[in-house]
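Enquirer: Let me begin by handing over the structure; questions about it come next.
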Amino acid sequence: MKHYLIILSLLCISFHLQSQQTVRGVVVDKESQFPLIGVNISLTSSETALGTTTDIDGTFRLDQVALGRQNLSFSYIGYEDVIINDVIIDAGKEKILNIEMEESVLELEEVTIVARRNGEVSNEMATVSAREFSVQETNRYAGSRGEPARMASNFAGVQGADDSRNDVVIRGNTPTGVLWRLDGINIPNPNHFSIPGTGGGSVTILNNKFLKNSDFYTGAFPAEYGNGIAGVFDLKMRNGNNEKHEFSGQLGFLGTELMAEGPLNKNNRSSYLATYRYSSLQLFQGLGIDVGTDAIPKYQDASFRVNFPRKNGGNLSLFGIGGLSDIDILISTEDAPSDETLIYGSNDRDQYFGSKMGTIGASYSQPLNEDTYFRITAAASHSSVDAYHEFIDRDIVDGTFVLNQTVPILDYTFTENKYSAYFNYVKKLSRQSTLKAGINVDAMHFNYLDSVRIVKPAFDTTGVSFDPWRTRWDANEIVPLIQPFVQYKHRFNEKLSAVAGVTALYFGINDKSFSPVEPRLGLSYKIDDKQKLGFGTGLHSQIQAPYLYYYSQETLNNNPIEHNKDAIGLVKSAHFVASYDRMLGKVSRLKLETYYQHLYDLPVAADSSSFSLINAGAGFSRFFPDSLTTGGNARNYGLELTLERFFSQGYYFLFTGSLFDAKYRTLENVWRNTSFNGRFAFNALFAKEWNIGRRSTFNVGTKITSVGGGWHGEVDLNKSLLQQEVVYIDETVNTLKFDPYFRTDLKLSYKINTSKLTHEIAIDIVNLFDTKNILKETYAPDHPDGPVVDEYQLGRLPLFYYRIDF
């Protein structure tokens, strides 16, 4: 901790102060994206009256807005009011807002205005299991580390799978069921150190500084979202400041960051935005700070967006994100046996691992008139993983290791390239009705190469031996993925609305990967100004992790026999959700949701064992299934509670609770717990902010998490020794449960607004009390308690950052 105090003291510098900033932006119709002229904007939190109206381009500007947290309201004849609370105004950056307003159902003389508030999803087609999240939320919650995925784990029905990763488990589903979208394009897993077939990684590539408010879905999502069965992150990039150049720098535990934004041409209001981050874990390890692992991960990521406004409300943008990561986990350098297990590696080999991810694209949008809007996006994406392993053959002599040899045993490179096009058309048919249609098309190019040697353990004095090299993957193929959709929203009156849609999914890898009709339906009923009921249902489908289609344990002339390529198809999931939402006063709300999900056509082992891909998607290992079939099914059901107070009078809180059950069945016809069936998950978050003078604030936030423990079975010791990994007796898989997971996080932050500068210093202590939570059982032959021992989640981890905006 003393190292953090040294850094903090060096960074605390006094400057001449200023106390005002500019708030500006644009207001458009929610469906047609057409600029709204004459919208009234009021700063409701100001002691003195401050307001303005939008001009012919829908833009507005409020100068001399006091620093701190402010509330704004937007009103327009014939439209529902929009109220935005807790807008943070800093000296270092102008606040730019993009506001969408929804037209009222009835004529003016009949209208009863109901405001749209914080947290309500921006997609007008969503009726249940949806929430908008902001950049402020990714920074606000203790333990979130500025990441959308870790932030989302605070929401009801959502939990993390592993402290060392940011996989998202939604309602007991596999993390691979989550769809990631950016500006309408389905993108690869946007995380560093991602493993093929998983939905997360150790550190996100997404920098929250380039995101604007985005949407997160946990079930029964609208028809425009395909190829996902658990949830959706619908991310949106913001534009840079088109009037002044602004910069930001951050030094922290997770990286050194730089950001720049500003106008390209003030006359045509074009702008740029660029970010870059490089890992700084080596620096902190050099200061003697525990970074959670002896093997230091190295990573860097970047993003950009260039925006060119066109005539009549049109907009052209170029965008991109990408990241590189690598880590060398060297066991051969150890001097003696240790009682520690490895979260990021295995105890019998040196591992060299690297990953890459990137997406670059262009998007053009254009309102055709006050009622019609279209958008088209084209993009190219790349993701790749390469790994090389060397087995460590060593003996223990007088309590120390003696290295005999290192032998190569694994070499693989998986590459996936994707070329994508997205078209979206929106038509307001009337005040009450909106039609939305579009299509997503991907050309997916898979290139998988993998060779392995099996290690035969020594049961006598002859020592270990190795099988010849065997090729497990050798694939090079281009496959199309097509998802058209159409959806229709009708508001019968100011209380009742319905959304109906249909989509389809075609994956050209085999004749089992086509789902021609997937209906979706949502209903919303406003009981009064404070209460709302919702219902949603739909059929959803998803392809398998592509590498699984090409794997084989058998070869012919050293070429893999791809048994699974024609044996497995799309996973299907039918969702049913009901919700109740109530405002408790002006700044608090209560939400209840209950759901049932029926999953079928799940890939399971053809030999009637307990294996199912429903348990895949988390951790640092690939799956190696052979001879799969689509005869499995599963069911999830649960009840969720959210009690939330938005930031007001200097504090906020969020309490979420979930009670659920998630089970699956293979050809053996036995219901088993899925690996993600924690059965309960509770989060309690609270934060208090104190104003220090007129320009500085001090914030204390905490989070308490309790989640049901993971599942395991009885270890088959003989098979574990033979296969050099933990193998359970098949009949006992997922019948034994670890103790519940418990963790407390604490975040302290201090913000100083100076003359055109904003400084923020923060420390986020993950697992404050260093609670020992079991992650899984692992194979560790050199461990004093081996060969099978408990592997624990991360211990206490203090994360520091210092940020400056100017």
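The values are calculated or read from the model by the stated rules, or taken from the named source; none is laboratory data. This is a predicted model, so every value here is computed, not measured. Note that we place each Cβ from the backbone using ideal geometry, even for glycine, and neighbour counts take in every protein chain shown. SASA here: full protein model, heavy atoms, side chains in, ligands and nucleic acids out. Shrake-Rupley method; radii C 1.70, N 1.55, O 1.52, S 1.80 Å.
One line per residue, one yes/no per condition, for (1) polar (S, T, N, Q); (2) more than 30 Å from Pro468 (Cα to Cα); (3) in contact with a His (Cβ under 8 Å, 6 or more places away or on another chain):
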| site | (1), (2), (3) |
| --- | --- |
| Asn510 | yes, yes, no |
| Glu518 | no, yes, yes |
| Lys526 | no, yes, no |
| Thr537 | yes, yes, yes |
| Tyr547 | no, no, no |
| Gln553 | yes, no, no |
| Asn558 | yes, no, no |
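Enquirer: When the stretch 509-541 is examined, which residues are found to be closer than 30 Å to Arg589 by Cα, in a loop (DSSP other than H, G, I, E, B) and of a type in the set (Lys, Arg)?
Expert: Lys530
Enquirer: Looking only at the stretch 124-165, filter to residues that are without any contact (Cβ under 8 Å) to a residue 60 or more places away in the chain and farther than 17 Å from Thr744 by Cα; which one of those is least open to solvent (accessible area, probe 1.4 Å)?
Expert: Checked the stretch 124-165; the qualifying residue least open to solvent (accessible area, probe 1.4 Å) is Glu137.
Enquirer: Output the residues belonging to the stretch 756-806 that are among the hydroxyl-bearing types (Ser, Thr, Tyr) and free of Cβ contacts under 8 Å to residues at least 60 places away in the same chain.
Expert: Here is the first cut: in the stretch 756-806, the ones among the hydroxyl-bearing types (Ser, Thr, Tyr) are 758, 771, 778-779, 792, 801-802.
The one that is among the hydroxyl-bearing types (Ser, Thr, Tyr) and free of Cβ contacts under 8 Å to residues at least 60 places away in the same chain: Thr771.
Enquirer: Of the residues that make up the stretch 663-678, is at least one acidic (Asp, Glu) and outside any loop (DSSP other than H, G, I, E, B)?
Expert: Checked the stretch 663-678: no residue is acidic (Asp, Glu) and outside any loop (DSSP other than H, G, I, E, B).
Enquirer: Any chance you could count how many residues in the stretch 657-703 are closer than 26 Å to Ala616 by Cα, touching a residue at least 24 places away in the same chain (Cβ under 8 Å) and either touching a helix residue (DSSP H, G or I) at 6+ places or on another chain (Cβ under 7 Å) or not charged (D, E, K, R) (or both)?
Expert: Initial filter on the stretch 657-703 (closer than 26 Å to Ala616 by Cα): 657-683.
Imposing the further condition that a residue be touching a residue at least 24 places away in the same chain (Cβ under 8 Å) reduces the set to 657-658, 660-668, 670, 672-683.
From what is left, the residues that are either touching a helix residue (DSSP H, G or I) at 6+ places or on another chain (Cβ under 7 Å) or not charged (D, E, K, R) (or both) are 657-658, 660, 662, 664, 666-667, 670, 673-678, 680-683.
So the count comes out to 18.
Enquirer: So is Val452 among the β-branched types (Val, Ile, Thr) and more than 23 Å from Gly361 (Cα to Cα) or not?
Expert: Details: among the β-branched types (Val, Ile, Thr): yes; more than 23 Å from Gly361 (Cα to Cα): yes.
Spelling it out, Val452 is indeed among the β-branched types (Val, Ile, Thr) and more than 23 Å from Gly361 (Cα to Cα).
Enquirer: Based on this model, can you work out whether Tyr506 counts as in contact with a Lys or Arg (Cβ under 9 Å, 6 or more places away or on another chain), modelled with pLDDT of 95 or more and either assigned to a strand (DSSP E or B) or more than 28 Å from Trp469 (Cβ to Cβ) (or both)?
Expert: no
Enquirer: Kindly provide the set of residues from the stretch 68-84 that are touching a residue at least 60 places away in the same chain (Cβ under 8 Å) and open to solvent by 30 Å² or more (accessible area, probe 1.4 Å), ordered by number.
Expert: Selection gives Arg69 alone.
Enquirer: Here's something else I'd like to know. So the check is Cβ under 6 Å with 6+ separation or different chains; which pairs have a first residue in the stretch 573-584 that's surrounded by fewer than 22 Cβ atoms within 10 Å (Cβ to Cβ) and a second one that's among the hydroxyl-bearing types (Ser, Thr, Tyr)?
Expert: Phe576/Thr537; Phe576/Tyr596; Ala578/Thr594
Enquirer: Limited to the stretch 399-445, what total is found for residues that are surrounded by fewer than 19 Cβ atoms within 10 Å (Cβ to Cβ), part of a strand (DSSP E or B) and charged (D, E, K, R)?
Expert: Result for the stretch 399-445: 2.
Enquirer: For the stretch 470-503, give me the residue count where each residue is assigned to a strand (DSSP E or B), open to solvent by 70 Å² or more (accessible area, probe 1.4 Å) and without any contact (Cβ under 8 Å) to a residue 40 or more places away in the chain.
Expert: The first filter runs over the stretch 470-503 and keeps only residues assigned to a strand (DSSP E or B), leaving 470-491, 496-503.
Cutting the leftovers down to open to solvent by 70 Å² or more (accessible area, probe 1.4 Å) gives us 474, 476, 478, 488.
Cutting the leftovers down to without any contact (Cβ under 8 Å) to a residue 40 or more places away in the chain gives us 476, 478.
Final tally of qualifying residues: 2.
Enquirer: Here is a list of conditions, (1) surrounded by fewer than 21 Cβ atoms within 10 Å (Cβ to Cβ); (2) not in a strand (DSSP E or B), and Gln544 meets all of them except one; can you say which number that is?
Expert: Here Gln544 clears every test but (1).
Enquirer: Could you go through the stretch 692-708 and let me know if any residue there is under 30 Å from Thr629 (Cβ atoms) and part of a loop (DSSP other than H, G, I, E, B). Before you say what the answer is, go through the steps one by one.
Expert: Initially, the stretch 692-708 is screened for residues under 30 Å from Thr629 (Cβ atoms), giving none.
No, every residue in the stretch 692-708 fails to be under 30 Å from Thr629 (Cβ atoms) and part of a loop (DSSP other than H, G, I, E, B).
Enquirer: Out of the residues in the stretch 594-650 meeting the condition of being closer than 30 Å to Asn71 by Cβ and under 22 Å from the mean Cα position of the chain (by Cα), tell me which one is modelled with the lowest pLDDT. Don't jump to the end; show me each part of the working.
Expert: Here is the first cut: in the stretch 594-650, the ones closer than 30 Å to Asn71 by Cβ are 640-650.
Retained after the next criterion (residues that are under 22 Å from the mean Cα position of the chain (by Cα)): 640-642, 644.
Numbers: Glu640: 98, Leu641: 97, Thr642: 97, Glu644: 94.
Ranking the candidates gives Glu644 first.
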